[in-house]
1. Looking for something open to solvent by less than 10 Å² (accessible area, probe 1.4 Å), within 32 Å of the chain's Cα centre (by Cα) and more than 19 Å from residue 155 (Cβ to Cβ) - is there at least one such residue anywhere in region 106-124?
2. With the structure loaded, tell me whether residue 359 is over 22 Å from residue 244 (Cα atoms) and open to solvent by less than 10 Å² (accessible area, probe 1.4 Å) or whether it fails that test.
3. Under 7 Å by Cβ, and 6 or more places apart or on different chains, what pairs join a residue from region 438-459 that is within 14 Å of residue 389 (Cα to Cα) with one that is of a type in the set (Phe, Trp, Tyr) and open to solvent by 50 Å² or more (accessible area, probe 1.4 Å)?
4. So which of 186, 169 ends up being open to solvent by 30 Å² or more (accessible area, probe 1.4 Å) and either of a type in the set (Ser, Thr, Tyr) or not in a loop (DSSP other than H, G, I, E, B) (or both)?
5. Taking the conditions exactly as written (aromatic (Phe, Trp, Tyr) and touching a helix residue (DSSP H, G or I) at 6+ places or on another chain (Cβ under 7 Å)), does residue 259 satisfy them or not?
6. Name the strands (runs of 3 or more DSSP E) wholly within region 288-381 that hold at least 1 residues that are more than 30 Å from residue 411 (Cβ to Cβ) and either of a type in the set (A, V, I, L, M) or touching an Asp or Glu at 6+ places or on another chain (Cβ under 8 Å) (or both)?
7. Scan region 290-348 residue by residue and report those that are of a type in the set (D, E, K, R), within 30 Å of residue 73 (Cβ to Cβ) and surrounded by 19 or more Cβ atoms within 10 Å (Cβ to Cβ).
8. Looking at region 76-97, can you tell me whether even one residue there is touching a Ser or Thr at 6+ places or on another chain (Cβ under 6 Å), buried (at least 21 other Cβ atoms within 10 Å of the Cβ) and touching a residue at least 60 places away in the same chain (Cβ under 8 Å)?
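The values are calculated or read from the model by the stated rules, or taken from the named source; none is laboratory data. Because the structure is predicted, anything quoted here is derived from the model rather than measured. Cβ coordinates were reconstructed from backbone atoms using ideal geometry, including for glycine residues, and neighbour counts include every protein chain displayed. Note: accessible area is taken over every heavy atom of the protein model, side chains too, but ligands, DNA and RNA are not part of it. Shrake-Rupley method; radii C 1.70, N 1.55, O 1.52, S 1.80 Å.
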Amino acid sequence: SHPPLCPPGIKCGGVLSAPSGNFSSPNFPGLYPYETECTWLIVVAEGSSVLLSFSHFELEYHDACAYDYLQVYNGAARDRGNLLGTFCGHSPPPPFSSAWHVMAVVFRSDRHVAKHGFAAAYRKDACGGQLTGLSGEITSPRYPESYPNDAECRWSIGGASGGGPLTLVFADFQMEGGQGCGFDYVALFDGPTVTAPRLGRYCGSARPPRTVSSSPHLLIIFKSDFNIGGRGFKAHFYSAGECQEVFTTIKGNFSSPQYPSFYPNNLKCQWSIQLPPGYRVKVFFLDMELEGRSSLTGGCDYDHLSAFDGGTENGSLLGRWCGRESLAPVTSRSNRLLLVLHTDRNTAKRGFSVSYVGVVPMNVSCTRTDFHIQIPVQSLAPLERNRIYLGTPSCAAQVVGRNFKIHTRFDTCGTESQRRNNTSVIVSTLYIDFSVGDQEDIHQYEVQCEPKKKEASVTLIAGPDPSRLSQAENLVDAQQREGEAMDAREIKSQDTSDIVFISICILAGLLMVIAVVGLVLL
């Protein structure tokens with residue numbers, strides 16, 4: 001027999017605020033109705049958490065749970081950043097422990113195929129549980145009040161799809177002390193069970209160090225004895241693979257966790273780009289959609305992405321962004337740049353995708369006849385001089401003192417004359433070959449000279465991924481400000497080359513006069 005459509009008066013969803021309780025799909029244990037959507041919001045006392053478990057589970061199966069499904073949210077419903085999982089079929093969801101005092105459950109059925117549904121129970125002040133989100137917060141029971149005696153809690157963290165190693169950071173820690181931590185303690189294991197290697201056992205009032213697992217699983221055990229307690233602990237965890245990364249390559253790209261799907265809530269992620277001395281870091285924003293600005297302050301008070309010059313948040317702020325913006329590239333003033341993503345407890349969005357390239361420090365100048373290019377050797381320390389060339393490999397750099405130098409005439413090294421903006425300019429391409437093995441990685445800079453004014457410029461034309469950059473970025477202003485000034489000998493050589501050029505012109509004129517006179521006399 002077909003189940004009835006959900007009548008208007010049927011009990012379906014609601015707010016559950018008692019310390020513990022049960023709820024189930026409509027008509028349970030009978031067949032649930034078609035085209036039904038129910039949302040249960042579980043709200044317990046602030047500072048507590050919620051443990052949710054399922055005693056029965058049977059929904060229509062689909063490999064992507066696109067028909068009938070049940071969703072569990074670590075906070076308010078419908079916020080993708082809070083989604084702990086979507087479930088269907090016959091396999092019940094694991095027990096869930098919320099990261100704060102609110103949890104939501106959404107049940108939805110379509111217009112075909114009904115099953116018996118589910119039955120669930122929850123309780124407040126849950127002690128332990130299975131945490132599968134990419135990030136979250138755990139506290140000892142009753143925190144920040146004194147924890148109970150004779151407590152034993154187990155939190156098993158991990159199992160999120162695509163999750164990497166986990167990082168655990170204690171924000172607060174105060175427990176009964178004692179040699180060997182034999183009374184009250186927190187023990188950490190590098191895996192899902194106590195048979196995994198132990199990462200540490202802690203007690204007293206000293207905060208445990210930041211801990212990183214070697215796998216996507218971490219087990220935390222809290223135990224108290226029959227007397228003497230303390231405030232307990234508060235700790236945050238996050239997936240280190242997607243959320244804490246250091247880049248040292250000359251170019252790269254990265255994105256927010258789960259991009260282009262919605263990023264998780266309650267994150268603080270850091271991406272540190274650290275390049276050799278002399279470099280600057282240029283970041284290109286390929287896509288960005290975060291939670292928007294505050295309607296009260298107009299600022300990025302909720303989710304936001306920040307860039308700092310240098311390797312820490314103490315460095316000068318290069319920018320702070322939120323919402324949906326098309327951003328211009330950002331360039332550091334040093335060889336390090338830090339990007340930090342903060343997300344709050346609700347309203348997640350698609351996130352961001354960026355690429356970066358290390359800007360090689362160089363000084364480019366020209367006379368009416370020659371290019372002069374100078375790059376500090378320390379900036380390209382791993383490269384041989386033949387990896388740096390103008391136009392063709394035969395025009396490779398020379399090592400002069402502490403610099404790679406290329407000093408070449410306009411009629412060599414693939415240089416050509418072009419008309420740009422009704423001005424005659426001399427153009428060539430500088431190649432810097434960072435390739436390793438079969439991985440080709442050649443950066444290209446266009447060098448340009450306007451001989452009449454003796455003005456040179458350099459433009460990055462192939463860096464992070466030319467197909468993904470909307471336009472080449474002219475780097476000459478910053479480079480000429482920050483590049484090393486050429487020494488007096490080079491300046492003198494420029495002046496000398498001008499004198500030579502004028503002398504050649506005068507000599508050519510004299511020869512023409514002599515030739516004309518010779519023809520007349522003949």
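1. Yes.
2. Values: over 22 Å from residue 244 (Cα atoms): yes; open to solvent by less than 10 Å² (accessible area, probe 1.4 Å): yes.
Taking the combined requirement at face value, the residue satisfies it.
3. 442/431; 444/431
4. Values: 186 fails: open to solvent by 30 Å² or more (accessible area, probe 1.4 Å).
Being open to solvent by 30 Å² or more (accessible area, probe 1.4 Å) and either of a type in the set (Ser, Thr, Tyr) or not in a loop (DSSP other than H, G, I, E, B) (or both) holds for just one of 186, 169, which is 169.
5. Values: aromatic (Phe, Trp, Tyr): yes; touching a helix residue (DSSP H, G or I) at 6+ places or on another chain (Cβ under 7 Å): no.
Taking the combined requirement at face value, the residue does not satisfy it.
6. Numbers: elements: 304-309, 317-321, 336-342, 351-359, 363-366, 370-376.
Hits in region 288-381: 304-309, 317-321, 336-342, 351-359.
7. Within region 290-348, 291, 303 meet the criteria.
8. No, the conditions are met nowhere in region 76-97.
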